[in-house]
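For reference, the structure is listed below as structure tokens.
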Amino acid sequence: MNEKLFNLTYKLVQESGQCSAGMDFVPRPMPPGASAMKYLKKQVREIFLRAINKNKDLYVICVKAAAFQMASDFKLAGNGY
């Protein structure tokens with residue numbers, strides 16, 4: 001691993017973390033047949049708990065999106081450009 005690849009990997013993790021922080025505020029899908037009011041109350045509570053949770057996991061979709069955007073940068077860095 002060269003220095004450029006290391007820096008790109010750091011950037012990938014950083015951008016994924018920003019996306020994951022935003023994903024904490026996205027409501028999860030409503031199950032079929034659920035009461036809308038109960039669902040909304042539960043989602044507001046879960047969003048709040050995710051927001052204050054100190055566990056900083058990365059969402060897979062965020063890592064994949066950042067990796068897709070940076071794929072050509074990784075290929076160039078891997079080839080020494």
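Below, the figures for the structure above:
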read-out	value
Within segment 1-49, considering residues that are in contact with a Phe, Trp or Tyr (Cβ under 8 Å, 6 or more places away or on another chain) and part of a helix (DSSP H, G or I), the one nearest to G80 (Cα to Cα)	L5
Contacts under 7 angstrom Cβ, first residue in segment 30-53 being surrounded by 12 or more Cβ atoms within 10 Å (Cβ to Cβ), partner in a loop (DSSP other than H, G, I, E, B), 6 or more apart	Y39/M30; Q43/P27; Q43/R28; I47/D24; I47/F25; I47/P27; R50/D24
Number of positions in segment 50-64 that are touching a Ser or Thr at 6+ places or on another chain (Cβ under 8 Å) and outside any loop (DSSP other than H, G, I, E, B)	2
Subset tally (residues that are surrounded by 13 or more Cβ atoms within 10 Å (Cβ to Cβ) and within 17 Å of the chain's Cα centre (by Cα)) for segment 1-12	4
Scope segment 16-67; condition within 30 Å of F6 (Cβ to Cβ) and of a type in the set (F, W, Y); matching residues	Y59
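Values quoted throughout were computed directly from the atomic coordinates according to the rules given, and no laboratory measurement underlies them. Note that the structure is a prediction, hence the values are computed from the model and not measured. Don't worry about glycine lacking a Cβ; one is built from the backbone with ideal geometry, like all the others, and counts go over all protein chains shown.
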